[in-house]
Amino acid sequence: MWHKWWALFRAGWGNALAYRAEIFIWMLTGTLPLVMMSVWLSVAGGEAVGSFQPADFVSYYLGGIFVRQMVGVWIVWDLERAIRLGELSPKLLRPINPIYEYMAENLAAKPMRLPVLLPLLVLGPLLYPGAGYELSPANVLAFLVTLALAWLLYFFIQYCIGLLAFWMSQATSLWQAWFHLWLVFSGYLIPLDLFPPLVTRLSAWLPFRYTFALPLEVLMGRLGGTVLVHQVAIQVAWVLFFVALYRMLWSRGLRRYSAVGA
Amino acid sequence: MYHIEVRHLKKYYEVHHKAPGFWGSLRSLVRRETRTVRAVDDISFTVAPGEIVGFLGPNGAGKTTTLKVLSGLLYPTAGEVRVLGFTPHERQPAFLRQITLVMGQKQQLLWDLPAIETLLINKAIYEIPDDEFRRTLDELTELLELGTLLTKQVRKLSLGERMKCELAAALLHRPKVLFLDEPTIGLDVTMQAKVRQFIAEYNARYGATVLLTSHYMADVAALAKRVIIIDHGHLVYDGDLETLVQQVAPYKVITVTLRQSVSPSVLKPFGHVLAANGVKVSIQVPRGTTSRVAARLLQEFAVDDLTIEEPPLEEIIQHVFTGGIREASPDVA
């Protein structure tokens, strides 16, 4: 299996290289957190807002850009197109599940984003006194684990929605609807701790925050001990749920697949 | 044992219908009208190992649907299908490793990368050992005259070049069963001939079973001894191509170039005059009498040139589609 992964990875990397300019431009569209950061800094006016010090907003939104880019998956359009136009057929003829190809392609493009993203994480704490991250080895490990799980969860959610193209012709519009909920309940626009308590509590049971806020809060050292363990457990549960959902949708979808024009 | 066994295969599609225009859209919101299309309707046939079979039929006859069922892309609505002993739609890796489906209209090559990258992926996915990979690649490079095409970005290749690389990618794992759907579509005559030659060569070298559809009768005539003809999802003919030709078209065409032009009426006793353009005349003659008629023509006229040809295969197939085979063929299923 490893050399199969490696081959898919290599091709994914080659593809990412072919599209490096586009990837860079796409990254520029992910700068909304900078706007949110400046809004909160001016609202705060040097005072704390809830549990957030002004410096925390800097850490949160700069870290947020990093987490978002690392977790982000953009395959729903490819997947819908492949199903609708029958481009899935050549992939189905190979003795390997196409999902690995999509995974490898997404992962292979990640390193290309790092040269832009890593300086952000360093720059924030340098420019804004008090901003920074909890970089003890244990916490970094916890961050990497929750980040990887966040990617896995986000990937499977998007894959599931993409697979709905077997039944409907506009799976991407469903994704757009999901994404708007995500913007709110993931903590991407506003830290979840600053919402009314009811919304905060609700968001803890929904899948959204486990694709974004959890690793970010870990990175900032805001979670630890039993809370962290509890959170990771919920995150794993959501991953398992969407993997199961994926398996069901995939086997039923293939039955429906009429390989249009393939 | 057969490589391909198809028994009473049926594949029906549900198709939604919508009247044109705004009101049609509104109405379809309330009540969706569906119609069942019988793409394949009770077809049975078997193919032995190493056989090349031409799969013919007009557009929409069900050829591609059948190939998709055989390669596991589609679930059959009813009937039994076995390929190499496997049930295709289960898509077991051991099955997929031994077949290939080449679709002239669809590609597996990665668009933005050189074709060799796709080949390397397939090498890993099909678990092809290094030495075998190199050997196969050398052979394919030689047979398909790939030269340096493999290292060029796919999107910069011409259609013909891409098709060659596509074939290389599809055959890298040396499949035992080849499903070829219009493998020569869009190619020029020289390229068509090369691809054809390649398929024959591959079949001879590896003893692979080939099921091939094509709009170009030349492909079929050059490759397949046996043809299966389907129309509207039904099997119309399954048998020897030559027998079919003799049955449907029990005549040949003699074309003579005369030294000086003669009136068509003079030629009438020799057979049905198809065309008479000055000195060049085509006459349709019953099969059994061809050589006698030719001899007489040579005797009675000053002839510059004389050829005896089969009627064009296109015409024969056309004839079959319009119902000419039913009484002619003894082995209709």
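The fewest-to-most ranking of B:VAL83, B:VAL220 by surrounding Cβ atoms within 10 Å reads B:VAL220, B:VAL83. Counting only other chain Cβ atoms within 10 Å of each residue's Cβ, the peptide B:124-137 averages 2. Each Lys and Arg Cβ is given +1 and each Asp and Glu Cβ -1; about its Cα centre, the range A:2-256 then shows a dipole of about 940 debye. Per residue of B:110-118, other chain Cβ atoms within 10 Å of the residue Cβ number 3 on average. Between the range B:243-274 and the range B:65-111, the alpha-carbon centres lie 46 Å apart.
Estimated from helices alone, the mean residue ellipticity of chain B at 222 nm is -10000 deg cm²/dmol (sum of -39500 (n - 2.57) over DSSP H runs with n ≥ 4, per residue). For the protein assembly as shown, a simple Cβ point-charge model (Lys and Arg +1, Asp and Glu -1, everything else neutral) yields a dipole of about 860 debye relative to the Cα centre. Close amide-amide hydrogen proximity is noted between B:LEU258 and B:LYS280, B:VAL281, B:ASP304, each under 5 Å apart and 5 or more residues distant or on a separate chain (H modeled in the peptide plane; Pro and chain starts excluded). Averaged over the residues of peptide A:10-18, the number of Cβ atoms from other protein chains lying within 10 Å of each residue's Cβ is 4. Springs between Cα atoms under 10 Å define the GNM used for chain B, and in it the highest mean-square fluctuation of B:THR243, B:THR209, B:THR184 occurs at B:THR243.
Computed on the Cα atoms alone, the convex hull of the range A:1-88 gives a volume of 159 cubic angstrom per residue. Placing +1 on each Lys and Arg Cβ and -1 on each Asp and Glu Cβ, with no other charges, gives the range B:4-245 a dipole about its Cα centre of roughly 900 debye. Its Cα gyration tensor gives the range B:4-245 an equivalent ellipsoid. The semi-axes, each the square root of 5 times an eigenvalue, are 32, 23, 19 Å from largest down.
Over all other residues within a Cβ to Cβ distance under 15 Å of B:PRO311, the charged ones net out to -3, with Lys and Arg as +1 and Asp and Glu as -1.
Going from the residue with the fewest nearby Cβ atoms within 10 Å to the one with the most, A:LEU120, B:LEU67 rank A:LEU120, B:LEU67. Output the Kirkwood hydrodynamic radius of the range A:2-256, Cα pairs only, in Å rounded to one decimal. Computed over Cα pairs of the range A:2-256, the Kirkwood hydrodynamic radius comes out at 19.4 Å. Only one residue of A:PHE241, B:ALA295, A:LEU254 has its Cα farthest out toward the positive end of the dipole of the protein assembly as shown, where Lys and Arg carry +1 and Asp and Glu -1 on Cβ, and that residue is A:PHE241. Amide H contacts of B:VAL236: B:ILE229, B:ILE230, B:ASP231, each under 5 Å away and 5 or more positions distant or on a separate chain (H built 1.01 Å from N in the peptide plane; Pro and chain starts excluded). Within the listed set B:ASN122, B:ASN59, B:ASN203, the Gaussian network model of chain B (springs between alpha-carbon atoms below 10 Å) gives the highest mean-square fluctuation for B:ASN59.
All distinct Cα pairs of the protein assembly as shown go into the 1/r average, and the inverse of that average, the Kirkwood radius, is 28.6 Å. Other residues whose C-beta falls under 11 angstrom from the C-beta of B:LEU258 contribute a net charge of -1, scoring Lys and Arg +1 and Asp and Glu -1.
Centroid-to-centroid, using Cα positions, the range A:115-139 and the range A:49-80 are 14 Å apart. Quick one: helix A:171-185 against the long Cα principal axis of chain A, what's the angle to the nearest 10°, folded into 0 to 90? In chain A, helix A:171-185 runs at an angle near 20 degrees to the longest axis. What the phi angles of the range B:136-141 give under the Karplus curve with 6.51, -1.76 and 1.60, with θ = phi - 60°, is a coupling list of 4, 5, 4, 4, 5, 4 Hz, glycine and proline written as x. Compute a Gaussian network model of chain A, connecting alpha carbons closer than 10 Å, and tell me which residue from A:ALA48, A:ALA171, A:ALA138 fluctuates the most. Highest fluctuation among the options: A:ALA138. Put simply, the Cα atoms of the range A:114-218 extend 51, 35, 25 Å along their principal axes, the longest span coming first.
Over all Cα atoms in the range B:25-73, the spread is summed up by Rg and Dmax: 16.7, 54 Å.
Amide H to amide H distances under 5 Å link B:LEU110 with B:THR118, where only residues 5 or more positions off or on other chains count and H is placed in the peptide plane.
With semi-axes defined as the square roots of five times the eigenvalues of the C-alpha gyration tensor, the equivalent ellipsoid of the range B:107-227 measures 23, 18, 12 Å, largest first. Tell me the Kirkwood radius of the range A:173-224: reciprocal of the mean inverse pair distance over distinct alpha-carbon atoms, in Å. In the range A:173-224 this quantity evaluates to 11.2 Å.
Exposure proxy shown here: for B:GLU300, A:GLU87, the number of other Cβ atoms within 10 Å sets the order, fewest to most, as B:GLU300, A:GLU87.
For the range B:192-323, list log₁₀ I(q)/I(0) at each q in 0.11, 0.18 Å⁻¹, using the Debye formula over Cα point scatterers of equal strength and ignoring solvent, two decimals each. Debye output, listed in q order: -0.54, -0.98. Phi angles of the range B:240-253 translate, via the Karplus equation with coefficients 6.51, -1.76, 1.60 and θ = phi - 60°, into HN-Hα couplings of 5, 5, 5, 4, 4, 4, 5, 6, 7, 10, x, 8, 10, 10 Hz per residue; Gly and Pro are given as x.
From the largest down, the range B:250-309 spans 29, 19, 18 angstrom on the principal axes of its Cα atoms. From the cross-link list B:LYS18/B:LYS68; B:LYS164/B:LYS194; A:LYS4/A:LYS91, which pairs have alpha carbons spaced over 18 Å apart? Exceeds cut-off: B:LYS18/B:LYS68. Karplus-based coupling profile of the range A:2-12, in residue order and whole Hz: 5, 6, 5, 4, 4, 5, 5, 4, 4, 5, x, with θ = phi - 60° in 6.51 cos²θ - 1.76 cosθ + 1.60 and x standing for Gly or Pro.
Values quoted throughout were computed directly from the atomic coordinates according to the rules given, and no laboratory measurement underlies them. Since the model is a prediction, treat every value here as computed from it, not as a measurement. Every residue, glycine as well, gets a Cβ built from its backbone with ideal geometry; the counts of neighbours run over all protein chains shown.
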